[in-house]
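Read the structure below first, then the notes.
Please treat every number below as a calculation from the coordinates, not as lab data. Being a predicted model, the structure only gives us computed values, none of them experimental. All Cβ positions, even for glycine, are placed from backbone atoms using ideal geometry, and neighbour counts span all protein chains on display.
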Amino acid sequence: MMKADLPFFRRFHWPDGRLVIAGMAAVMFFFLTVPLLAMALRALRDLSGMEALYGRSVGNAVTLSLFTTLISVSIVLTFGTPLAYVLARYHFRGKRVINIFVELPIILPPVVAGFGLLMAFGRRGLFGPTLQLVGVSLPFTTTAVIMAQIFVAAPFFIRTVQVRFSAIPRDLMEAASIDGASTGEIFRHIALPLSTPAMLAGLVLCWARALGEFGATILFAGSLQGRTQTMPLLVYGALERNLNDALWSSLLLIGMALFALLLVHWIARQVEIDPLIETEGE
């Protein structure tokens, strides 16, 4: 006998499916937003912590964060774009494996990412002795901050641009090739112009991820004020000294991240794509 034929199930009045879906959606929305709301309400109860935003440590952290992330996204743009193009337009043995390794940092625990950087470029790492021979020491430097940001943030840009490159009609590429255009000319005059909005969206996502990077940075670069202490590290350090200072510093970081997210959505609306969920060309 089917469950639907049992007397209990015949007598039971199931709720409206829309109400169930709306209720479950509300629970998830509440869970995702209440921590941010709690921070804002707590900060408004004590405005004295706002003075921390004008302190030297916050200024140094903001300046360092903006400086390092600007360099990081510039490097990602320069070297990540060709990689995304190769993965999107060429077919070769081992491509799936390369794709997996490129995207792995997205789900890799940040601390593990930092440990990997340390094992590769630390004093006792794979390339450590070679770097020491030329007088280069990377850990606990500003360069280490940039390397950590690139490692964890680059996949967001590469993935977004790769999807867009894959969506370009192959007939368009072949027509340009028949007309005598070289691979470089096709890349510069067709692929890049058609993918510019997606590249901008990917860069903003990359920048936002680099801005919020913590685990890999603290393990590979440490937290030295004015040298390696970015905004997330400042918040972590402030928790040990003054809760209000950490709270207002966190709100500043949330504001910067919110600005980046709004910019991504604005770019997405201009080209009618959503880089966070687009799967075209897969």
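Can you give the calculated 222 nm mean residue ellipticity of the chain, where each DSSP H run of n ≥ 4 adds -39,500 (n - 2.57) and the sum is split over every residue, rounded to the nearest 500 deg cm²/dmol?
Values: 13 runs with 201 residues, N = 282.
One gets -23500 deg cm²/dmol as the mean residue ellipticity at 222 nm.
Using a 10 angstrom cutoff on alpha carbons, build the Gaussian network for the chain and name the most mobile of ILE150, ILE186, ILE75.
Sorting by GNM fluctuation, first place goes to ILE186.
Under 16 Å from a point 7 Å along the Cα-to-Cβ line of ARG45: which residues of region 235-261 have their amide N that close?
It comes to 243-248, nothing else.
Going from the alpha-carbon gyration tensor of region 77-185, what semi-axes, largest first and in whole Å, does one get by taking the root of 5 times each eigenvalue?
Largest first, region 77-185 gives 35, 16, 12 Å.
Give me the distance in nm between label points sitting 7 Å out from Cα along the Cα-to-Cβ direction at LEU70 and ARG96, one decimal.
Label-label distance for LEU70 and ARG96, simple model: 4.3 nm.
Using the eigenvalues of the Cα gyration tensor, what equivalent ellipsoid semi-axes result for the chain when each is taken as the square root of five times the eigenvalue, whole Å, largest first?
Taking √(5λ) for each Cα gyration eigenvalue gives 36, 34, 20 Å.
Could you check how many percent of all C-alpha pairs in region 125-282 are farther apart than 29 Å?
Considering region 125-282, 39 percent of its Cα-Cα pairs are separated by more than 29 Å.
Length gain on complete extension for the stretch SER177 to ALA25, per 0.36 nm per residue less the alpha carbon to alpha carbon distance?
Separation in residues times 0.36 nm, less the Cα-Cα distance, equals 49.7 nm.
At 20 angstrom or more along the helix axis (alpha-carbon based) and mean Kyte-Doolittle of 1.0 or higher, what helices does the chain contain? Whole DSSP H runs only. Walk me through the numbers on the way to the answer.
Numbers: long enough: 17-45 (40 Å, 1.66); 56-89 (48 Å, 1.20); 142-167 (37 Å, 1.23); 192-211 (27 Å, 1.41); 243-271 (42 Å, 1.43).
Passing helices, by number: 17-45, 56-89, 142-167, 192-211, 243-271.
Cut-off 20 Å, label point 7 angstrom out along Cα-to-Cβ of TRP266: give me the residues of region 149-167 whose amide nitrogen falls inside.
Within reach of a label on TRP266: no residues.
By how many nm would the segment from PHE115 to SER137 grow when fully extended, if each residue of separation counts as 0.36 nm and the alpha-carbon distance is taken off?
Stretched fully, the PHE115-SER137 segment lengthens by 6.3 nm.
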